[in-house]
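The block underneath contains the structure these notes are about, expressed in structure tokens.
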Amino acid sequence: MAVASEVDGVPETALWTLHHRVLEAKRPDGMFADPRAVDLVTRMDFPFAERFGEGFRTQTQLLALRVRCFDIAVSEFLVDHPAGTVVALGEGLETQFWRVDNGLVRWLTVDLPPSARLRERLLPRGDRQRLYVGSALDLGWMDEVDDSEAILITAQGLLMYFRPEDVHRLLSACAERFPGGVLVLDTVAHWMARAVRRASTRAAGYRPPEMHWCLDSADWQSLRQLHPNVAEITEVRSPAGRGPLAWLPPNVHRIPLIRGRRSGVVRLRFGPEPVAP
Ligand SMILES: C[S@@+](CC[C@H](N)C(=O)[O-])C[C@H]1O[C@@H](n2cnc3c(N)ncnc32)[C@H](O)[C@@H]1O
């Protein structure tokens, strides 16, 4: 199935993350299995290796660790709320639903028309999965959320591409609209955004889009100021990787010179709890 002409810019970043997830999932010592993603790329007529390269090992691992953090956050949520709703903003071709499905979770994907169209064509959609075609920033998706059960919103690899004022407006709107809910997002540290920009200026081939919203780990707690309902902010600590990344990711918060300048995955809890009927 030919897809090359349909994607560019930010939607293409969803193919880049898919490519790295598949590289990781195919390893005998990979951090997760993802047969749905492996099958998906074999059905797509897209020059993944030509466009994105074979990935240098650290990059693939770092992305895999981010995936694991999001899977851990969703799985922990489902332990407490087995029939909860997950809203995946900017989900692209993520196959997380199949990695964490407990048979009860309900799922809402929110993405722009080009990525949503691709997802619609390439991935099956069961009774518990719905798709909202539109921007996460227009907030219309909020009316589609079934909030009769607990809610967890994910924004994986998304918010860094938005303007800071748009990120703040979106987070504040989520806190207002979903008291008792949880939102999991990843942040990119300033130095890392600069490094990616420098590397992509030199690189031939694929260039990731510009990142506009950066936040160092030292400033994570500043997100509490966005809305009175942002009650708690905690890090989703990385599991161990392999080789040189076996020790560092789970322990990096202990290293004085680095701990405030990290990228990472954080969980925002919104209060007050919804009042029981
Ligand atoms: C880097 S990809 C990440 C995809 C997926 N979350 C993952 O980790 O593989 C960014 C995704 O965000 C989507 N996106 C970009 N801007 C968006 C917006 N304003 N609203 C919703 N989705 C958006 C893109 O279409 C793309 O699917």
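The values are calculated or read from the model by the stated rules, or taken from the named source; none is laboratory data. As the structure is a computational prediction, the values presented were derived from the model and not from experiment. Every residue, glycine among them, receives a Cβ derived from its backbone with ideal geometry; neighbour counts consider all protein chains shown. Surface accessibility is based on the protein's heavy atoms, side chains included, excluding ligands, DNA and RNA. Shrake-Rupley method; radii C 1.70, N 1.55, O 1.52, S 1.80 Å.
Of the residues that sit in the range 74-87 and are part of a helix (DSSP H, G or I) and away from the ligand (no atom under 13 Å from the Cβ), which one is surrounded by the most Cβ atoms within 10 Å (Cβ to Cβ)?
Per the criteria, the residue is F77.
Restricting attention to the range 121-134, and to residues there that are touching a residue at least 24 places away in the same chain (Cβ under 8 Å) and within 11 Å of the ligand (Cβ to nearest atom), which single residue is surrounded by the most Cβ atoms within 10 Å (Cβ to Cβ)?
Y132
Counting only residues that are open to solvent by less than 50 Å² (accessible area, probe 1.4 Å) and more than 13 Å from S135 (Cβ to Cβ), which one in the range 148-158 is nearest to the chain's Cα centre (by Cα)?
Ranking the candidates gives Q156 first.
How many residues, within the range 37-70, are under 17 Å from V100 (Cα atoms) and surrounded by fewer than 18 Cβ atoms within 10 Å (Cβ to Cβ)? Give the derivation first.
Initial filter on the range 37-70 (under 17 Å from V100 (Cα atoms)): 37-38, 64-70.
Among the residues that remain, those that are also surrounded by fewer than 18 Cβ atoms within 10 Å (Cβ to Cβ) are: 38.
The qualifying residues number 1.
Would a scan of the range 207-223 turn up a residue that is open to solvent by 20 Å² or more (accessible area, probe 1.4 Å), more than 25 Å from R68 (Cα to Cα) and not hydroxyl-bearing (S, T, Y)?
No.
Please work out if I233 is touching a Phe, Trp or Tyr at 6+ places or on another chain (Cβ under 7 Å) and open to solvent by less than 80 Å² (accessible area, probe 1.4 Å).
yes
Would you pick out the residues in the range 19-36 that are outside any loop (DSSP other than H, G, I, E, B) and open to solvent by 50 Å² or more (accessible area, probe 1.4 Å)?
P35, R36, listed by residue number.
Which count do you get for residues in the range 88-120 that are more than 11 Å from the ligand (Cβ to nearest atom), open to solvent by less than 20 Å² (accessible area, probe 1.4 Å) and in contact (Cβ under 8 Å) with a residue 24 or more places away in the chain?
Qualifying residue count for the region: 4.
Only one of these is open to solvent by 80 Å² or more (accessible area, probe 1.4 Å), more than 26 Å from P208 (Cα to Cα) and without any contact (Cβ under 8 Å) to a residue 12 or more places away in the chain: D143, D138. Name it.
D143
For the range 238-248, indicate whether the set of residues that are in a loop (DSSP other than H, G, I, E, B), open to solvent by 20 Å² or more (accessible area, probe 1.4 Å), in contact with a Pro (Cβ under 6 Å, 6 or more places away or on another chain) and closer than 28 Å to P11 by Cα is non-empty.
For the range 238-248, residues in a loop (DSSP other than H, G, I, E, B), open to solvent by 20 Å² or more (accessible area, probe 1.4 Å), in contact with a Pro (Cβ under 6 Å, 6 or more places away or on another chain) and closer than 28 Å to P11 by Cα: present.
What number of residues in the range 93-111 are under 14 Å from R125 (Cα atoms) and in contact with a helix residue (DSSP H, G or I) (Cβ under 7 Å, 6 or more places away or on another chain)? Full working, then the answer.
Step one: of the range 93-111, the residues under 14 Å from R125 (Cα atoms) are 93-98, 101, 103, 105-110.
Checking which are in contact with a helix residue (DSSP H, G or I) (Cβ under 7 Å, 6 or more places away or on another chain) leaves us with 93, 95-96, 98, 105, 107-110.
The total comes to 9.
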